[in-house]
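Asker: Here it is: the structure, laid out below.
The values are calculated or read from the model by the stated rules, or taken from the named source; none is laboratory data. This structure is a prediction, so every number in the text was calculated from the model and none was measured. With ideal geometry, Cβ positions are generated from the backbone for all residues, glycine too; neighbour counts draw on all protein chains shown. Remember, those area values only see protein heavy atoms, side chains included, never the ligands or the DNA or RNA. Shrake-Rupley method; radii C 1.70, N 1.55, O 1.52, S 1.80 Å.
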Amino acid sequence: MFQKNLKTAFRYLKSHKQFAFINIIGLTFGFYCFFLLNAYVLRERSFDQNQEQVFRLLETVTDENGKTRESAQLAPAISRNAESLFDEVLSQTQLVGIGRRDVGNDPETVSHEPIIVMGDNFTEVFNLPFQEGTLNPDSDGIVLTKTIKEKYFGVETALGKTLNIGRAKFPVAAVLDDFPENSHLTNGIFITEQIARKFFNEWDEAIASDFLNRNFISYFKLVPNADLNKLEKKIETLTKKNYPTSEVFKSTFKVQAVQDIHLYQNEIEGEINNAKGNGLYVKLFFWIGLIILLVASFNYAGLLNIAFMDRAKEINLRQIMGSGKLALLWQFLSESILLTSVSMFLAFLLLFISKSYIQNLFNTSLNLSEIPLSGILFTLALALFVSFLAVAYPFSLVIKNDSFRNKLSTSKLQFRRFMLIFQFVAVISFLMASIVFNMQLDFLKNREAGFQKEGLATIDVNSFVLRQRFEAIKTEFLRIPEVEAVSVTSRVPGEWKNIPIVKALKNGQSIENAEDALFIGADKDFLKTFQVELSQGQNFTGMNSDSSKVLINEAAVKALGLNDPIGQSIDIPAVNFGGSTETLAQVFKVRIAGMVKDFQMEDFRTSVKPLIISHWNNPIHAIDYYTLKINSPDWAKTRIALEEVNDAFAPESPIEFNVLDAQFDRFLQADLSRFKLLNFFSSIIVLLAFMGLFAMSAFVAKSRTKEIGIRKVLGSSVTSIVSLLSTDFVKLSIIGLAIAVPITWYLLNQWLADFAFRIDIKWWMAAIAGLACLCLTLLTISIQVIKAALMNPVESLKTE
């Protein structure tokens with residue numbers, strides 16, 4: 001029976017090629033976008049799913065001013081003691097970064113790599129397989145991941161061989177498999193605690209008893225069904241009990257499943273989070289995929305209803321010849337399932353054909369071959385649902401034994417109205433969102449940073465010589481004709497490392513009144529190189545007396561409450577490098593020499609923060625960068641000249657060169673990629689919606705053919721008939737506008753709240769979206785409506 005129905009369905013579709021083609025194209029795009037976006041959502045939610053019962057410990061610290069910050073770096077003794085004291089903790093391990101070092105045995109291929117101390121139980125907690133060797137807690141060797149091992153040793157075994165790190169040689173004790181791409185951890189070079197004991201005095205004592213200094217990232221392996229709230233309270237009590245009496249304890253703790261790290265939206269200090277995701281966009285893309293599929297499904301249902309109207313005589317004849325209602329249902333379903341199956345197959349085929357393009361578009365890998373069984377079953381259920389949805393209404397009329405054609409052809413079907421309003425809401429919402437997204441991106445791209453970032457390049461200071469002999473190196477850099485200015489600083493705008501945050505207060509105030517401020521060290525050429533405007537006072541002079549002077553920005557003047565800042569003294573008693581706030585051995589007392597205009601040090605999502613620019617000779621942070629103002633038509637040639645200078649002073653340390661403008665652009669790169677995706681899928685929604693509108697206008701025109709003929713005989717003009725048939729569509733688009741605008745306005749304001757610098761949503765943005773939708777509506781329906789209005793009334797009245 002089913003085979004017979006399929007043959008009949010195939011013959012019908014073959015004889016109605018245009019109908020089949022439009023349906024298949026619409027459904028194929030609907031399924032394609034739905035599968036694609038859900039593959040992306042599944043990938044983003046798959047991070048660390050293989051790490052069962054593994055948790056990260058976070059600490060929320062409240063400072064003297066009531067400000068809170070959440071940190072992944074904790075005092076080492078907390079998790080060590082938790083393992084021995086609390087039954088919920090099966091095992092614990094820690095990671096602590098100790099900076100970057102020159103790595104490599106071949107001077108020609110030496111590179112700068114971050115070095116991380118790995119806790120003894122690391123592979124036990126994370127259940128990671130070894131490629132070579134095993135992790136022995138007593139080993140004084142290093143552990144590499146596969147990619148790092150291949151970088152320095154190729155395909156040969158690395159076990160037992162040595163690797164130069166800085167000025168020391170370390171034997172390779174083990175090689176781990178690479179961390180999966182969907183892991184929050186990153187491949188690197190790990191040293192064991194045994195090595196750390198040799199390089200850091202009192203290591204064992206510190207990790208066993210230090211409850212104050214926050215430098216370690218801690219992980220737990222917990223028993224199944226552990227009470228996390230209870231454990232967090234225990235950890236808080238333990239830490240408070242052992243906290244130094246000289247310090248004020250104001251912390252709470254959170255035990256977080258590692259599966260939640262990737263999409264965790266809070267800003268976490270000192271965390272390891274490879275390719276940090278954005279939960280908002282994951283939810284957004286899921287709903288976009290669902291909306292696209294619904295629009296495609298409604299279009300399909302609309303087109304199928306039109307087809308049933310043409311087949312009214314056939315259906316009535318089948319009933320007269322004895323076809324039962326169930327037989328008709330199976331016939332309708334067979335045709336629908338055939339169309340849906342072909343569309344689904346083409347969607348999957350298109351996914352695999354466009355796989356490389358997709359990966360570039362999403363800037364990630366989507367392994368379509370690893371779709372889980374639940375996903376396949378859901379897909380099949382979805383196909384059946386869409387197939388049934390398309391035939392549900394026509395079949396309901398057959399069951400009621402109504403006049404099929406008359407009932408189906410009425411122009412006041414509530415289902416038709418619902419479908420059109422839904423599509424208008426979707427189109428207007430996404431058009432308005434696209435306008436706001438693109439305007440916000442243009443606003444950020446064109447916003448003044450407060451300094452001239454074009455033409456600036458940075459060179460990292462990665463050796464003792466490059467740091468100590470910077471004056472001579474600057475002189476040599478300036479001998480290169482294309483180099484117009486050179487400055488040395490501890491950090492640079494657009495920074496990709498942690499920027500120290502100091503406590504700053506007016507002279508004589510208590511630390512409870514201290515304000516947080518970003519801190520950098522710089523020389524007298526900083527303002528000239530970056531073209532930062534000095535609004536009051538004087539720049540550094542290059543004299544020894546500069547070491548007690550600072551420049552501050554306008555935000556710092558406001559935060560510190562300084563009416564006349566020049567010449568005033570401020571104290572800096574403490575600094576935070578991304579872990580705990582450390583009290584300086586001696587308060588750094590400085591005098592304000594000048595005030596600079598505000599400029600952007602960080603991402604444009606953050607506001608301009610108070611900034612203190614100290615002289616490079618300060619007790620807090622040494623220089624870490626050369627920044628060069630370059631005017632060159634051939635940057636590659638200029639870079640070669642810069643490398644020659646670098647190699648002349650530090651041949652063992654290869655140059656690390658970055659273009660500052662590109663570093664700032666990376667702040668916008670993720671948003672730029674997402675905006676491209678949103679624009680692409682918005683176009684798909686508009687295309688599908690107006691394909692459905694075209695079908696529906698044909699449906700209305702066909703159902704009112706006799707009415708049009710009678711009106712023309714009675715003297716109605718073509719214009720009045722077109723206006724009559726268009727009125728319903730225009731009304732529905734206005735209803736769609738009224739529904740879409742407030743919802744979209746609210747959601748866009750929620751999204752814009754994440755930006756410190758943002759545009760305001762204006763009424764005309766909604767008006768443009770509504771007007772564009774109305775124009776596209778009139779253009780789409782005019783083809784069918786004008787065709788019907790121009791038809792000879794004699795032919796119209798002959799129509800069945």
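Asker: Only residues that are of a type outside the set (Val, Ile, Thr), surrounded by 18 or more Cβ atoms within 10 Å (Cβ to Cβ) and within 15 Å of His621 (Cβ to Cβ): list them for the range 574-588, please.
Answerer: Step one: list which residues in the range 574-588 are of a type outside the set (Val, Ile, Thr), which gives 574, 576-580, 582, 584-586, 588.
Retained after the next criterion (residues that are surrounded by 18 or more Cβ atoms within 10 Å (Cβ to Cβ)): 574, 576-580, 588.
Matches in the range 574-588: Ala574, Asn576, Phe577, Gly578, Gly579, Phe588.
Asker: For Ile292, state whether it is assigned to a helix (DSSP H, G or I), touching a Cys at 6+ places or on another chain (Cβ under 8 Å) and either under 25 Å from Gly30 (Cα atoms) or modelled with pLDDT of 80 or more (or both).
Answerer: On the way: assigned to a helix (DSSP H, G or I): yes; touching a Cys at 6+ places or on another chain (Cβ under 8 Å): yes; either under 25 Å from Gly30 (Cα atoms) or modelled with pLDDT of 80 or more (or both): yes.
Answer is yes for this residue.
Asker: Still on this structure: So which residues in the range 89-111 are surrounded by fewer than 19 Cβ atoms within 10 Å (Cβ to Cβ), over 17 Å from Phe153 (Cβ atoms) and at pLDDT 85 or above, if there are any at all?
Answerer: Matches in the range 89-111: Leu90, Ser91, Gly97.
Asker: Among (1) buried (at least 19 other Cβ atoms within 10 Å of the Cβ); (2) assigned to a loop (DSSP other than H, G, I, E, B); (3) polar (S, T, N, Q), there is one condition Ser607 misses while meeting the rest; what is its number?
Answerer: Single failed check for Ser607: (1).
Asker: Within the range 253-275, restricting attention to residues that are without any contact (Cβ under 8 Å) to a residue 60 or more places away in the chain and either more than 11 Å from the chain's Cα centre (by Cα) or surrounded by 16 or more Cβ atoms within 10 Å (Cβ to Cβ) (or both), which residue is farthest from Val61 (Cα to Cα)?
Answerer: Just the residues of the range 253-275 that are without any contact (Cβ under 8 Å) to a residue 60 or more places away in the chain, to begin with: 260, 264-265.
Then keep just the ones that are either more than 11 Å from the chain's Cα centre (by Cα) or surrounded by 16 or more Cβ atoms within 10 Å (Cβ to Cβ) (or both); that gives 260, 264.
Numbers: Asp260: 21, Tyr264: 18 Å.
Filtering first and then ranking leaves Asp260.
Asker: Kindly evaluate Lys146 against the criterion of being more than 19 Å from Asn274 (Cβ to Cβ), basic (Lys, Arg) and open to solvent by 30 Å² or more (accessible area, probe 1.4 Å).
Answerer: Working: more than 19 Å from Asn274 (Cβ to Cβ): no; basic (Lys, Arg): yes; open to solvent by 30 Å² or more (accessible area, probe 1.4 Å): yes.
No, not satisfied.
Asker: I'm trying to understand the selection: among the residues of the range 621-653, which are in a loop (DSSP other than H, G, I, E, B) and closer than 27 Å to Val103 by Cα?
Answerer: In the first step, residues of the range 621-653 are kept if they are in a loop (DSSP other than H, G, I, E, B); the result is 621-624, 631-634, 650-653.
The answer is His621, Ala622, Ile623, Asp624, Ala650, Pro651, Glu652, Ser653.
Asker: Cβ contacts < 8 Å: first residue within 19 Å of Phe588 (Cβ to Cβ), restricted to the range 530-550; second residue part of a loop (DSSP other than H, G, I, E, B) and aromatic (Phe, Trp, Tyr), any location; separation 6+ or different chain. Result?
Answerer: Asp546/Phe540; Lys549/Phe540
Asker: Taking the range 536-555 only, how many residues are over 30 Å from Asp63 (Cβ atoms) and either open to solvent by 50 Å² or more (accessible area, probe 1.4 Å) or among the hydrophobic types (A, V, I, L, M, F, W, C) (or both)?
Answerer: Selection size over the range 536-555: 6.
Asker: While we're looking at this one, here's another question. Quick one: Gln194 ticks every box in (1) closer than 19 Å to Phe122 by Cα; (2) touching a helix residue (DSSP H, G or I) at 6+ places or on another chain (Cβ under 6 Å); (3) open to solvent by 40 Å² or more (accessible area, probe 1.4 Å) except a single one, so which number is it?
Answerer: Only one criterion in (1) closer than 19 Å to Phe122 by Cα; (2) touching a helix residue (DSSP H, G or I) at 6+ places or on another chain (Cβ under 6 Å); (3) open to solvent by 40 Å² or more (accessible area, probe 1.4 Å) is unmet by Gln194, namely (2).
Asker: Which fully enclosed helices (runs of 4 or more DSSP H) of the range 441-535 have 1 or more residues being open to solvent by 60 Å² or more (accessible area, probe 1.4 Å) and at pLDDT 90 or above?
Answerer: Details: elements: 464-468, 470-478, 526-530.
Hits in the range 441-535: 470-478, 526-530.
Asker: I would also like to ask the following. Please enumerate the residues belonging to the range 216-250 that are touching a residue at least 40 places away in the same chain (Cβ under 8 Å), of a type in the set (S, T, N, Q) and either under 18 Å from Asp87 (Cβ atoms) or crowded, with 19+ Cβ neighbours inside 10 Å (or both).
Answerer: If the condition is that a residue be touching a residue at least 40 places away in the same chain (Cβ under 8 Å), of a type in the set (S, T, N, Q) and either under 18 Å from Asp87 (Cβ atoms) or crowded, with 19+ Cβ neighbours inside 10 Å (or both), then Ser218, Thr239 are the ones that fit.
Asker: Collect the residues in the range 276-289 that are part of a helix (DSSP H, G or I) and open to solvent by 50 Å² or more (accessible area, probe 1.4 Å), keeping them in residue-number order.
Answerer: The answer is Leu280, Lys283, Leu284, Phe286, Trp287.
Asker: Output the qualifying pairs, or none if there are none: Cβ atoms under 6 angstrom, residues six or more apart or on different chains, first residue in the range 31-53 and farther than 16 Å from Ala275 by Cβ, second residue hydroxyl-bearing (Ser, Thr, Tyr).
Answerer: Phe31/Ser343
Asker: Another one. Scanning the range 112-133 for residues that are part of a strand (DSSP E or B) and touching a Ser or Thr at 6+ places or on another chain (Cβ under 7 Å), which turns out least open to solvent (accessible area, probe 1.4 Å)?
Answerer: Just the residues of the range 112-133 that are part of a strand (DSSP E or B), to begin with: 112-118, 130-133.
This time we only want the ones that are touching a Ser or Thr at 6+ places or on another chain (Cβ under 7 Å), so: 118, 132.
Details: Met118: 4, Glu132: 28 Å².
Of everything passing the filter in the range 112-133, Met118 is least open to solvent (accessible area, probe 1.4 Å).
Asker: Here is a follow-up. What number of residues in the range 191-217 are within 24 Å of Ile148 (Cβ to Cβ) and within 32 Å of the chain's Cα centre (by Cα)?
Answerer: The total comes to 4.
This table checks each residue for (1) out of contact with any strand residue (DSSP E or B) (no Cβ under 6 Å at 6 or more places or on another chain); (2) of a type outside the set (D, E, K, R); (3) on the phi < 0 side of the Ramachandran plot.
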{"position": "Arg591", "(1), (2), (3)": "no, no, yes"}
{"position": "Gly594", "(1), (2), (3)": "no, yes, yes"}
{"position": "Lys597", "(1), (2), (3)": "no, no, yes"}
{"position": "Ile613", "(1), (2), (3)": "no, yes, yes"}
{"position": "Thr627", "(1), (2), (3)": "no, yes, yes"}
{"position": "Trp635", "(1), (2), (3)": "yes, yes, yes"}
{"position": "Asp661", "(1), (2), (3)": "yes, no, yes"}
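Asker: While we're looking at this one, here's another question. What number of residues within the range 185-225 are farther than 21 Å from Ser251 by Cβ and outside any helix (DSSP H, G or I)?
Answerer: Taking the range 185-225 as the starting set, the residues that turn out to be farther than 21 Å from Ser251 by Cβ are 185-205, 221, 223-225.
With the extra rule that they be outside any helix (DSSP H, G or I), the set shrinks to 185-192, 200-202, 221, 223-225.
Selection size over the range 185-225: 15.
Asker: Would the range 113-127 turn up any residue that is under 30 Å from the mean Cα position of the chain (by Cα), more than 21 Å from Ser79 (Cα to Cα), at pLDDT below 90 and among the acidic types (Asp, Glu)? Give the derivation first.
Answerer: Filtering the range 113-127 for residues under 30 Å from the mean Cα position of the chain (by Cα) gives 113-118, 122-123, 125-127.
Next, only the ones that are more than 21 Å from Ser79 (Cα to Cα) stay: 113-115.
From what is left, the residues that are at pLDDT below 90 are 113-115.
Restricting the remaining residues to those that are among the acidic types (Asp, Glu) gives 113.
Yes, some residue in the range 113-127 is under 30 Å from the mean Cα position of the chain (by Cα), more than 21 Å from Ser79 (Cα to Cα), at pLDDT below 90 and among the acidic types (Asp, Glu).
Asker: Condition first: touching an Asp or Glu at 6+ places or on another chain (Cβ under 7 Å) and hydrophobic (A, V, I, L, M, F, W, C). Now tell me which residues in the range 524-562 satisfy that.
Answerer: Within the range 524-562, Phe540, Ala555, Ala559, Leu560 meet the criteria.
Asker: I'd like the full set of residues that are in contact (Cβ under 8 Å) with a residue 40 or more places away in the chain, more than 35 Å from the chain's Cα centre (by Cα) and part of a loop (DSSP other than H, G, I, E, B), limited to the range 611-620. So that I can check it myself, show each step before the final result.
Answerer: Step one: of the range 611-620, the residues in contact (Cβ under 8 Å) with a residue 40 or more places away in the chain are 611-618, 620.
Those left that are additionally more than 35 Å from the chain's Cα centre (by Cα): 615-618.
Trp616, Asn617, Asn618 - these are the residues of the range 611-620 that are in contact (Cβ under 8 Å) with a residue 40 or more places away in the chain, more than 35 Å from the chain's Cα centre (by Cα) and part of a loop (DSSP other than H, G, I, E, B).
Asker: Return yes when Asp671 is at pLDDT 75 or above, under 22 Å from Phe362 (Cα atoms) and surrounded by 15 or more Cβ atoms within 10 Å (Cβ to Cβ) and no when it is not. First the steps, then the outcome.
Answerer: Values: at pLDDT 75 or above: yes; under 22 Å from Phe362 (Cα atoms): yes; surrounded by 15 or more Cβ atoms within 10 Å (Cβ to Cβ): yes.
It is true that Asp671 is at pLDDT 75 or above, under 22 Å from Phe362 (Cα atoms) and surrounded by 15 or more Cβ atoms within 10 Å (Cβ to Cβ).
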